[in-house]
Structure formats: structure tokens, C-alpha cells
1. State yes or no: is PRO184 under 30 Å from LEU300 (Cα atoms), in contact (Cβ under 8 Å) with a residue 60 or more places away in the chain and within 20 Å of the chain's Cα centre (by Cα)?
2. Restricting attention to the stretch 175-192, which residues are part of a loop (DSSP other than H, G, I, E, B) and closer than 12 Å to VAL153 by Cα?
3. Select from the stretch 280-297 the residues that are out of contact with any Gly (no Cβ under 8 Å at 6 or more places or on another chain), surrounded by fewer than 22 Cβ atoms within 10 Å (Cβ to Cβ) and outside any loop (DSSP other than H, G, I, E, B) and list them in ascending order.
4. Checking the conditions here, which among ARG246, ARG334, ARG275 is of a type in the set (Lys, Arg), assigned to a loop (DSSP other than H, G, I, E, B) and over 30 Å from THR124 (Cα atoms)?
5. Kindly check whether there is at least one residue in the stretch 384-394 that is assigned to a strand (DSSP E or B) and either of a type outside the set (Val, Ile, Thr) or open to solvent by less than 10 Å² (accessible area, probe 1.4 Å) (or both).
6. Assess whether GLY163 counts as being outside any loop (DSSP other than H, G, I, E, B), surrounded by 24 or more Cβ atoms within 10 Å (Cβ to Cβ) and in contact with a helix residue (DSSP H, G or I) (Cβ under 8 Å, 6 or more places away or on another chain).
7. I'm checking my understanding of the structure. Among residues of the stretch 422-440 that are farther than 9 Å from PRO211 by Cβ, assigned to a loop (DSSP other than H, G, I, E, B) and in contact with a helix residue (DSSP H, G or I) (Cβ under 7 Å, 6 or more places away or on another chain), which one is least open to solvent (accessible area, probe 1.4 Å)?
8. Does PRO403 satisfy the condition of being under 17 Å from the mean Cα position of the chain (by Cα) and open to solvent by 20 Å² or more (accessible area, probe 1.4 Å)?
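The values are calculated or read from the model by the stated rules, or taken from the named source; none is laboratory data. Fair warning: this is a prediction, and the values are worked out from it, not measured in the lab. Every residue, glycine among them, receives a Cβ derived from its backbone with ideal geometry; neighbour counts consider all protein chains shown. The accessibility values were calculated without ligands, DNA or RNA, using every heavy atom of the protein model including side chains. Shrake-Rupley method; radii C 1.70, N 1.55, O 1.52, S 1.80 Å.
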Amino acid sequence: MWGRTATDLAAAVRAREVTPREVVASHLERIAEVNPEINAIVTLLDPEAALKLADDAPAGPLQGLPIAVKDLEDTAGMRTTYGSKLFAEHVPERDSLLVERLRAAGAVIIGKTNTPEFGAGSQTFNEIFGATRNPFDLSKTPGGSSGGAAAAVASHMIPFADGSDLGASVRNPAAFCGLYGLRPSPGRIPDHGPGDPWNPLPVLGTIARSPADVALLFSVLAGPDPRDPLSIQEPWPLPGLECDPRGLRIAWSRDLGGLPVESEVTAVLERARERLTDLGCIVEDAEPDFTGADECFEVLRGTTFAAAFTEIADQVKPALRENIRFGESLDARRIGHALAHRGAMYTRMREFLTRYDVLAAPVTQVGPFDVTTEYPTEINGMPMGSYLEWFRSCSRITVTSHPALAVPAGLTDSGLPIGLQLVGRHRGEVQLLRLAHALA
């Protein structure tokens, strides 16, 4: 049963073909079998407690479906560490908004998925739980920061997962694990967590093995909430995904403005381009102007981290500490320029996507790398100056505030997954999911 899709399981529960207890029990058996090697789920309920939750799950679109929540989301009565030794024994008293919505929809929260310390970095390891490994090759990373989530879904421990994405943290692990990962428009999934509620860079998203499963989970998590001032004041009903993609105009970018991209990544993506053409899409080489995107992202990320973590900067991992100190060093002029760049990037992408329906580009500039490597220090001979530079193929999209979907593009010659990034019009998540469904 653990091999079935979330959409299929939800329908089976509604039809009373299976019980929530049977669904959860099957996934718990799968977790016991594969999690010791992969290390994706780092906190797990006692089986009897999980099965009791399954028995008591309220009727709803996710009734009886098990999920392990990213260890950045507060879960009442369940350890939540944020991937930091400073919170190794932390047990929140209240659920986050995302967890509230999961429970109300009938999902069974059985545990937590691994994340780097405070979600910083696109590789999943920390001092409490160690590293999560890629189900396609246990010597490789699943990416991050939602690496535990992606590895758990790819190995069928859970049918889908939540994630969060500031620079690349839903899209990168989805690509590295052969999955679909949606970074939606800011405000689609409301969040009332700590930090600046007006900041559009960090968003919550969904990861699954099919576009339909991404949409199912997303339909539960999306929708307005007064606790988030950016939340979009309209519901997001579960859409139909069937479509005829013939005639869609696809802008194809091999390197998002000159970024170094490994040849094995490009080779896989070119095959995905052929599939788009075979579907009847009009695919042309084109991309918006990304001038100022890197400065914008790195400055605004630095200010975000400085605001959140200055008081504990000396107690966190070196890469995060460096990011915090960088944020503290910024002056008003540089921050103001970054904000201006963000506005310009949104406008340029919006105008670009009046001429095209979708921008297609690499999710990652490299394939999955060694799990013991914190981040690639060079790509195609070009040195990476920090742990932020190797995922600019995602962070350049982040600052446009447009939705993006990681789609499995194929495997390298060594059998490792590569992802294609589809970028849609502002609040255009449905069109992305429909195109992905046509490509599947």
C-alpha cells in the first residue's frame, strides 16, 4: 500500500476500500525498513500512538494519509529542533498554521523530516541527526533544506511532504530525488511563523511523486489566513490537471543568464526540451534580464538571517554564522538597492511572461553530489565563493516572486535524477501543474 499515490490512497479511504489504520501501518512498516539507511525521518511517533491518530483522523481530503512534517514547523507535543543543537529537546506547545491545516484535513502527522540547521543551506545535515542520504544513491545528498522531506517521499516512506523554500529548498531536493516540488507565489500558503511577515522571499511549498499529489496537498495548505498579511484572499480549489499543451510558448534557458551548469545536467535537460516539442509546445531560446538578482537575493537573505539569529550567531554552524555577520554589516544604501532590484526583477519577469507562457530552466547547476560535501566549491571550473552561489539557478527565480515547479527531467548516465524548473506567471500555479502533468 505504501507504493500507491496520495491521490489514489485518499480516494481509497473515501470509498472505504482501505482504512486510515491500514494506510498508516503500511507506511510505518516501510519507514522501519528503509529509514535507518536514509535518515530522512528524524522524529517518529510510537507506532501505537500513530495508529490511534489514524483511527481518530477526521474526515477530510487527506483523511488517514501519513505525513512527516519538516523539522522547522512547530508540532504541539512533538519534538521540533529546527535542525539545531540549541533546540535538541524542544517540544512546542502549539502547532504551526501549516500543521493546523494538515490535522484539520485528516492527515496523520507521524513525525518530522530532517533539515539543516534553521533550514540554512541546500544540503541536509546537522549536529543532532547527521546527514540524510539520497534514495537513488546512498553516497549522495538529497539536497536541501527540505532534503529529509524529499528523501522520505522518494523512498515511499510518506506519500507527499511539506517543504519551505527561501533560495532553493523545495526545488533543489525535489530535483535531486526525482520528484515534483512546488515553490508557489508568496502568500499562497500562509505562514505565521517568526520573522518579518512582509518578506516575500521565504515561502512554504509541497513535494510529491506526481503533479496530482502536489496539487492535492497544496489545495489543503493554500488559502487566506489573517495571521499572514501576505496571504492571498482567495481559496485554491483542487484543479483538474488535464490540458492540451499544444501551442504553449516556452522560453528555454540553459543557464539563467550565464551561470555555470554541468554538462550532464544540460544533456538530460535537452531531452526534456524534446519532450516539450513533441507535446506541441513552441520552445524558443529566451530568458529575462537577471541583472541585480544575485545581489538582491544575497543582501535580503543576509538581512533576514541577521534579524532572526544575531543573538545566537556564535553558536551556529560556520556557514550560517558567516551569513548572519554579512547581514549585520550591510548599510541602508545597499539594502535599499537590493529592494529596488527585487521590484525590478518582478517587473521584468512579469513582462517577459506576457510574451511566453512558461520559462523552462535548470533547477540545479549540478547533479546530486557526495553526502559528505557541504556544497560544491566549483562548477565547470568556476569557483563558488560561498554556500549560496551554487544554487543561483533557483535563487534568481526566488527574487522574481513568481511560482516555480521542479519537474523530473530524467537520469544521468550514472542514474542520478535531474530536474527541470518551470516558472509561471504571477500566481500561475495551476498552469505549471497542468504542463507538468502533460509531461509526466
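1. Details: under 30 Å from LEU300 (Cα atoms): yes; in contact (Cβ under 8 Å) with a residue 60 or more places away in the chain: yes; within 20 Å of the chain's Cα centre (by Cα): yes.
Yes: the conditions hold for PRO184.
2. Correct list: CYS177, GLY178, LEU179.
3. VAL283, GLU284, ASP285, ASP294, GLU295
4. On the way: ARG334 fails: assigned to a loop (DSSP other than H, G, I, E, B); ARG275 fails: assigned to a loop (DSSP other than H, G, I, E, B).
So the residue among ARG246, ARG334, ARG275 that is of a type in the set (Lys, Arg), assigned to a loop (DSSP other than H, G, I, E, B) and over 30 Å from THR124 (Cα atoms) is ARG246.
5. Just the residues of the stretch 384-394 that are assigned to a strand (DSSP E or B), to begin with: none.
No - not one qualifying residue is present in the stretch 384-394.
6. Details: outside any loop (DSSP other than H, G, I, E, B): yes; surrounded by 24 or more Cβ atoms within 10 Å (Cβ to Cβ): yes; in contact with a helix residue (DSSP H, G or I) (Cβ under 8 Å, 6 or more places away or on another chain): yes.
Yes.
7. GLY424
8. Numbers: under 17 Å from the mean Cα position of the chain (by Cα): yes; open to solvent by 20 Å² or more (accessible area, probe 1.4 Å): no.
Here the answer is no, as PRO403 does not meet what is asked.
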